[in-house]
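Reading through the structure tokens given below for one structure.
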Amino acid sequence: MKQDNPPSDETILELIGNAGGEIDPDALMQQLSAEFDLSSIIEALQRGIERRKITLNNEGMIVVAQELAKVA
Amino acid sequence: MTQGEGEVPALDAARVARCHSPASDPRVDQRGPFEIDRDRILYSSAFHRLAGVTQIVRAGELDIFHTRQQHTYKVGQIGRRLAENCIREQASEAKRHGLHPEVVEAACLAHDLGHPPFGHAAETELDIIVRDPMKCGGRAEDACPDGYEGNAQTFRILTKLAVRYGKERPGLDLTRATLAATLKYPWLRDLSDLESKKGKKWSAYRAEQAQFEWAREHCHGDFKSAEAELMDWADDIAYSVHDLEDFHRVGVIQWSEIVLEGHQAELIEGAVKVWKKDPDAPADVQARTRDALARIQRKLKIFPTITQEVYDGSREQRRQLRNFTSQLIGPYVRAARLSDPDAGGPNVIIDDDAADEVRLLKYFARRYVIGLPALHAQQHGQRRLVRDLFEIFLKEGKAGNFKLFPARLRYIWEDNADPPARLAADCIAGLTENEAYQLHRRLIGSESGLVLDPIVR
């Protein structure tokens, strides 16, 4: 059964890290969909952006916001 | 030579110079010269008029679309952030360019002042009839060969038409740096080939050639000043992102076409066709457009309410729309970099990927909005209205019969000796869209209006 709560920031950041620092939005959502509903995943991603934990890089890949700032 | 205390470096002194007045005395006005410029533009009646002028759809329609004034505020905000970011990231280059956020913001606030009522439809129409007023009952000698262009009209307003002081001090008397920053196409019109790059867009009429040359004294070649480059990029960002946002809200952007694989080829073909009209288009237009579309599609993935739902303004839709546009704008602001001012090329380089995305976003608006049949019908009527008003202003102005003119436009004929077609166009360019409609109805007799209503105050 899928979890009721959206995935945590830590879960998302870990998946980004596992993917080498950037991850295609489709791939990330695919990985999270095993445990979470799509609406919960989208909620977590919106929150992640608003809390400045994650962001999209120039290629449209999801990255850790602080990492992008370091690169810039 | 060591710079002494209070001494202004030569370039800085040139940048703060004004045509009609000496440098302001800080004991009299606490503001710096560029702050004064910005404030003069913001408080001008030409800026006030922008609230009643179309961006794409008629100003005020459905109360949802950006007017030119709302667009301008956003351009100003983005322009300022661009300048601040360049100063933060490239302090040395910024200093050598003399880059100042107030100048960029001032230029942004000024950039659309010359747009006539009804936007580009009227601009094209005015260009035709100013060059050939015989189409509207005028004579060959009434004509101005360099026609009409919104950017050139902006420069004319700033240097001649804006009323702030007495006749001996026309326009807003802005600093050289701010005037140069408003010149998006820093050349006069190429009259030998109206279809060339310099024949299609230009930033000053021959009537303002002296002011144009004065403003450009320290610029090189045909390159915009760094501040003009940033103003131009800010305009592109605001137009591509915020206008698209407006049209998304009313449901005319076909996101299903944009995000679905099956429609890609047609979309790319359309965008490539438009880009190839640009004489500076690179050889790999096709590949760059395809890549830009792929990036935009990827960026949209985590905002499904944009691509999968009809907009109804729900909290979640608004949230995702804001997050999406914010994810676009931030990188676009960081995509501008100052060049070495001594290198002799463009003063600002925009990252190709960002420029390609913005170009594509602009194409979306063009594809889904500018082709709407209702918009074409509206523009047909607007062009006709512009011709009617032009004919009346031209005839009555030449005869010195100013009773038909709104009082606030009469000075244009009294103070300027330009050919009549230019002055008639100035009168139209000074109207909002509602004023143009009201004046037209009264002058052609379809509606009398009220005797005590001056129409244009």
**Largest-first principal axis extents of the Cα set of region B:314-415 (Å)** = 55, 50, 25
**Request:** Calculate, for A:GLN30 and B:HIS218, the FRET efficiency according to 1/(1 + (r/R0)^6) with r their C-beta to C-beta distance and R0 60 Å; round to the nearest 0.05.
**Result:** 0.60
**Item:** Convex hull volume per residue in cubic angstrom - Cα atoms of region B:285-348
**Value:** 113 Å³
**Complete:** Projected area averaged over all directions for the convex hull of the alpha carbon atoms of region B:149-261, nm², comes out at 10.3 nm²
**Fill in**
Counting only DSSP loop positions in region A:5-72, the trypsin sites (Lys or Arg not before Pro) whose Cβ has at most 15 other Cβ atoms within 10 Å are A:ARG51, A:ARG52
**Asked** To the nearest 500 deg cm²/dmol, what mean residue ellipticity at 222 nm is calculated for chain B from DSSP H runs of n ≥ 4 alone, each contributing -39,500 (n - 2.57), summed and divided by the residues?
**Response** -16000 deg cm²/dmol
**Item:** Antiparallel bridges, percent of DSSP beta bridges restricted to the protein assembly as shown (to nearest 5)
**Value:** 80 percent
**Fill in**
With R₀ set to 51 angstrom, the calculated FRET efficiency between the beta-carbons of B:ILE349 and B:ALA399, to the nearest 0.05, is 0.45
**Asked** So what's the projected area for chain B, the Cα convex hull averaged over all directions, in nm²?
**Response** 24.4 nm²
**Request:** Using every Cα-Cα pair within chain A, state what percent have a distance larger than 14 Å.
**Result:** 55 percent
**Message:** Between region B:252-266 and region B:199-227, what is the separation of their alpha carbon centroids in Å?
**Reply:** 41 Å
**Asked** Quick one: what Rg and Dmax do you get for region B:69-227 from the alpha carbons, in Å?
**Response** 16.8, 57
**Message:** Quick check for me: using +1 on Lys/Arg Cβ and -1 on Asp/Glu Cβ, what's the dipole size of region B:222-285 about its Cα centre, in debye to the nearest 20?
**Reply:** 220 debye
**Message:** Just want to confirm a number: the relative contact order over region B:269-382, from Cα pairs under 8 angstrom separated by 6+ residues, in percent.
**Reply:** 23 percent
**Asked** Stretched out fully, how many nm does the piece from B:SER192 to B:VAL252 gain, at 0.36 nm a residue minus the Cα gap?
**Response** 17.6 nm
**Complete:** Fewest-first ordering of B:MET134, B:MET231, A:MET29 by Cβ atoms within 10 Å yields B:MET134, A:MET29, B:MET231
**Message:** Let's test this: bin the Cα-Cα distances of region B:200-292 at 10 Å from zero up to the farthest pair and state each bin's percent.
**Reply:** 12, 28, 33, 18, 9, 1
**Message:** Could you tell me the relative contact order of chain B? Use alpha-carbon pairs under 8 Å, at least six residues apart, and round to a whole percent.
**Reply:** 19 percent
**Asked** What does region A:1-40 give for Rg and for Dmax, in Å, if only its C-alpha atoms count?
**Response** 9.9, 29
**Item:** Net charge over other residues, Cβ less than 13 angstrom from the Cβ of B:ASP39 (K, R count +1; D, E count -1)
**Value:** -2
**Message:** Along the charge dipole of the protein assembly as shown, pointing to its positive end and built from +1/-1 on Cβ of Lys, Arg, Asp and Glu, which listed residue (B:SER21, B:HIS120, B:ASN347) has its Cα farthest out?
**Reply:** B:SER21
**Item:** Distant-in-sequence amide H partners of B:VAL348 (H built 1.01 Å from N, under 5 Å)
**Value:** B:SER339
**Request:** Compare the Cα positions of B:THR67, B:CYS427, B:LEU174 along the charge dipole of the protein assembly as shown (+1 at Cβ of Lys, Arg; -1 at Cβ of Asp, Glu; about the Cα centre) and return the one farthest towards the positive end.
**Result:** B:CYS427
**Complete:** Quick calc: nm separation of the 7 Å Cα→Cβ label points for B:GLU309 and B:ARG139 -> 6.6 nm
**Request:** Step through the table entries B:LYS135/B:LYS197; B:LYS277/B:LYS362; B:LYS200/B:LYS224, compare each Cα-Cα distance with 19 Å, and write down the pairs that go over it.
**Result:** B:LYS135/B:LYS197
**Complete:** Out of B:HIS218, B:CYS136, B:ILE157 - ranked by how far each Cα lies towards the positive end of the dipole of chain B, with unit charges on the beta-carbon of charged residues - the top one is B:CYS136
**Fill in**
Here the gain from full extension of B:ASP388 to B:ARG337, 0.36 nm per residue of separation minus their alpha-carbon distance, amounts to 13.7 nm
**Asked** Please state the equivalent ellipsoid semi-axes for the protein assembly as shown: what are the square roots of 5 times the Cα gyration tensor eigenvalues, largest first, in whole Å?
**Response** 43, 30, 21
**Message:** Please compute the modelled spin-label separation between B:ASP25 and B:SER92, points set 7 Å along Cα→Cβ, answer in nm with one decimal.
**Reply:** 4.1 nm
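Coordinate-derived values only; no laboratory data. All figures in this text were calculated on a predicted structure; none of them were measured in a lab. Virtual Cβ from ideal backbone geometry, glycine too; neighbours counted across all protein chains shown.
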